[in-house]
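Undergrad: Before I ask anything, here is the structure I am working with.
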Amino acid sequence: PHVHWAQRHRELFLRVDLSDVRNPDITITDNVLHFRAQGHGAKGDNIYEFEIEFLEPVEPKPVCRMTQRQLNITVQKKESNWWERLTKQEKRPLFLAPDFDRWLDESDAEMELKEKEEEKISKMKIESRVPKDPFKHLKKGYLIMYNLVQFLGFSWIFVNMTVRLFILGKGNMEIHFFSKMVGFLCLTDSFYDTFHTISDMMYFCQTLALMEIMNSLIGLVRSPLIPSVVQVFGRNFVLFVILGSLEEMQSKPVVFFIFYFWSITELFRYPYYMLSCIGIEWKPLTWLRYTVWIPLYPLGGLAEAVCIVQSIPIFSETGKFSLGLPNPLNVTIQFPFVLQIYLIALFLGVFVNFRHLYKQRKQHLGPKKRKMK
């Protein structure tokens, strides 16, 4: 095939004019580059091959990047210097020509190298002016420990509830429809004590989650404040105000679903953040963290809404948290009315967080330009 070449002090660039390249085999042995691939070139769709014996020693590991129209090969020189030609043989092979798009003479290359060095020095000077954070490692250690503790807490909740699901839930299921459009699976008797078994750990985890708002407020993490506030206060309202204050609600099957949906979501969120603190990205975990929420988040919001709807008659009957204003107003603010307003806010909050999470998913899992090596 036609091959075009250019050089820098440390690198050689080869551009092979082949399109739709398949099965490339590119190696360097004894300072000779061996090329063999199938593609479309000057002789049509065919198998093309060539060899180049370099003028001076090179590194034996070429880097290749393929596009639809061509194949680019980068070879590192063992010593940084300027070659008078590419091949050991003085007569240039017929298939080889200069790549004028990338061609520089030695003086131009030295100027480019000098500019890069000056840019590097300038960057180092700028970085040296930025004050170093003396608490950087302490902050990182705190974030790692926070995410680890939350992961262990929600893991305990998830495992405990899963064991109860398989041991206590056998043969004791019924389908309960709370509307014509939505079906909800209720385990009527098996999980009546879910709250009493799990609540202490859930109280601990959700109280600790208040630190996420503080972390965002002081700039310790880059998470936006509003989604954190919506999620943490929304969960804590259901946990402490609805479930924690009404014994009648604590034995309802909906408690199981609320706790289960919350714990599954956090099983992937906290390990993802913990690994991010030390600069590690595990792609399957990243995919799970930004995908699992798609079914679980709406289901969790729906379960919370069902919980609030079930609690309204109890608050109406008991008058708990209802506030009577003194004369001359003589007005009572009924807590069930507050809950009805909160239901609207709940679905708005679900929408806000859903939109935020969807943007994050596009950012981390959206389409990217692919490069083949």
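The values are calculated or read from the model by the stated rules, or taken from the named source; none is laboratory data. Given the structure is predicted, the values throughout are model-derived calculations rather than measurements. FYI the Cβ positions are ideal-geometry reconstructions off the backbone, even for glycines, and counts take in every protein chain you see. Keep in mind that these areas ignore ligands, DNA and RNA; they rest on the heavy atoms of the full protein, side chains included. Shrake-Rupley method; radii C 1.70, N 1.55, O 1.52, S 1.80 Å.
Undergrad: Check region 298-317 and report whether any residue there is open to solvent by 30 Å² or more (accessible area, probe 1.4 Å), more than 24 Å from the chain's Cα centre (by Cα) and among the charged types (D, E, K, R).
TA: Checking region 298-317: at least one residue is open to solvent by 30 Å² or more (accessible area, probe 1.4 Å), more than 24 Å from the chain's Cα centre (by Cα) and among the charged types (D, E, K, R).
Undergrad: Still on this model: Open to solvent by less than 40 Å² (accessible area, probe 1.4 Å) and either in contact with a Phe, Trp or Tyr (Cβ under 8 Å, 6 or more places away or on another chain) or of a type in the set (Gly, Ala, Ser) (or both): is that true of Gly324 in this structure?
TA: For Gly324, the condition - open to solvent by less than 40 Å² (accessible area, probe 1.4 Å) and either in contact with a Phe, Trp or Tyr (Cβ under 8 Å, 6 or more places away or on another chain) or of a type in the set (Gly, Ala, Ser) (or both) - is not met.
Undergrad: Mind listing just one residue for me: the one in region 119-131 that is modelled with pLDDT of 70 or more and open to solvent by less than 100 Å² (accessible area, probe 1.4 Å) and, of those, nearest to the chain's Cα centre (by Cα)?
TA: Here the residue is Ile126.
Undergrad: For a quick check of your reading of the model, give me the residue pairs whose first member lies in region 141-153 and is touching a residue at least 24 places away in the same chain (Cβ under 8 Å), whose second is of a type in the set (Ser, Thr, Tyr), with beta-carbon atoms closer than 6 Å and at least 6 apart or on different chains.
TA: Asn147/Tyr270; Asn147/Tyr273; Gln150/Tyr270; Phe151/Tyr270
Undergrad: Condition first: of a type outside the set (Val, Ile, Thr) and at pLDDT 90 or above. Now tell me which residues in region 67-78 satisfy that.
TA: Passing the criteria: Gln70, Leu71, Asn72, Gln76, Lys77, Lys78.
Undergrad: Shifting gears a bit: Every residue in region 254-290 that is open to solvent by 20 Å² or more (accessible area, probe 1.4 Å), on the phi < 0 side of the Ramachandran plot and in a loop (DSSP other than H, G, I, E, B), please.
TA: Ile278, Ile280, Glu281, Trp282
Undergrad: Follow-up. State which residue is nearest to Thr197 (Cα to Cα) when the search covers only region 132-158 and only residues that are open to solvent by less than 40 Å² (accessible area, probe 1.4 Å) and either outside any helix (DSSP H, G or I) or out of contact with any Asp or Glu (no Cβ under 7 Å at 6 or more places or on another chain) (or both).
TA: If we take residues in region 132-158 being open to solvent by less than 40 Å² (accessible area, probe 1.4 Å) and either outside any helix (DSSP H, G or I) or out of contact with any Asp or Glu (no Cβ under 7 Å at 6 or more places or on another chain) (or both), then Ile157 is nearest to Thr197 (Cα to Cα).
Undergrad: Residues Ile242, Ile308, Ile258: which one is out of contact with any His (no Cβ under 7 Å at 6 or more places or on another chain) and either polar (S, T, N, Q) or farther than 21 Å from Met201 by Cβ (or both)?
TA: When all the criteria are applied, what remains is Ile308.
Undergrad: Every residue in region 226-269 that is of a type in the set (Gly, Ala, Ser) and under 23 Å from Asn215 (Cα atoms), please.
TA: Listed by number, the residues that qualify are Ser228, Gly234, Ser263.
Undergrad: Against the definition (among the β-branched types (Val, Ile, Thr), under 22 Å from Leu225 (Cα atoms) and touching a Lys or Arg at 6+ places or on another chain (Cβ under 8 Å)), how does Thr286 come out, yes or no?
TA: no
Undergrad: Turning to a different aspect of this structure: Going residue by residue through region 225-242, is there one that turns out to be polar (S, T, N, Q), under 23 Å from Phe315 (Cβ atoms) and assigned by the TED database to the domain that holds Ile144?
TA: yes
Undergrad: Pick from Arg92, Arg65, Arg85, Arg102: which is open to solvent by 60 Å² or more (accessible area, probe 1.4 Å) and free of Cβ contacts under 8 Å to residues at least 60 places away in the same chain?
TA: Details: Arg65 fails: free of Cβ contacts under 8 Å to residues at least 60 places away in the same chain; Arg85 fails: open to solvent by 60 Å² or more (accessible area, probe 1.4 Å); Arg102 fails: free of Cβ contacts under 8 Å to residues at least 60 places away in the same chain.
Testing whether each residue is open to solvent by 60 Å² or more (accessible area, probe 1.4 Å) and free of Cβ contacts under 8 Å to residues at least 60 places away in the same chain leaves just Arg92.
Undergrad: Another question, then. Among (1) open to solvent by less than 60 Å² (accessible area, probe 1.4 Å); (2) under 22 Å from the mean Cα position of the chain (by Cα), where does Ser245 come up short?
TA: Failed condition: (2).
Undergrad: While we're looking at this one, here's another question. Just one of (1) free of Cβ contacts under 8 Å to residues at least 24 places away in the same chain; (2) more than 13 Å from His2 (Cα to Cα) trips up Gly44, so point out which.
TA: (2)
Undergrad: Report, by residue number, each residue of region 224-250 that is touching an Asp or Glu at 6+ places or on another chain (Cβ under 7 Å) and among the hydroxyl-bearing types (Ser, Thr, Tyr).
TA: Listed by number, the list holds a single entry, Ser228.
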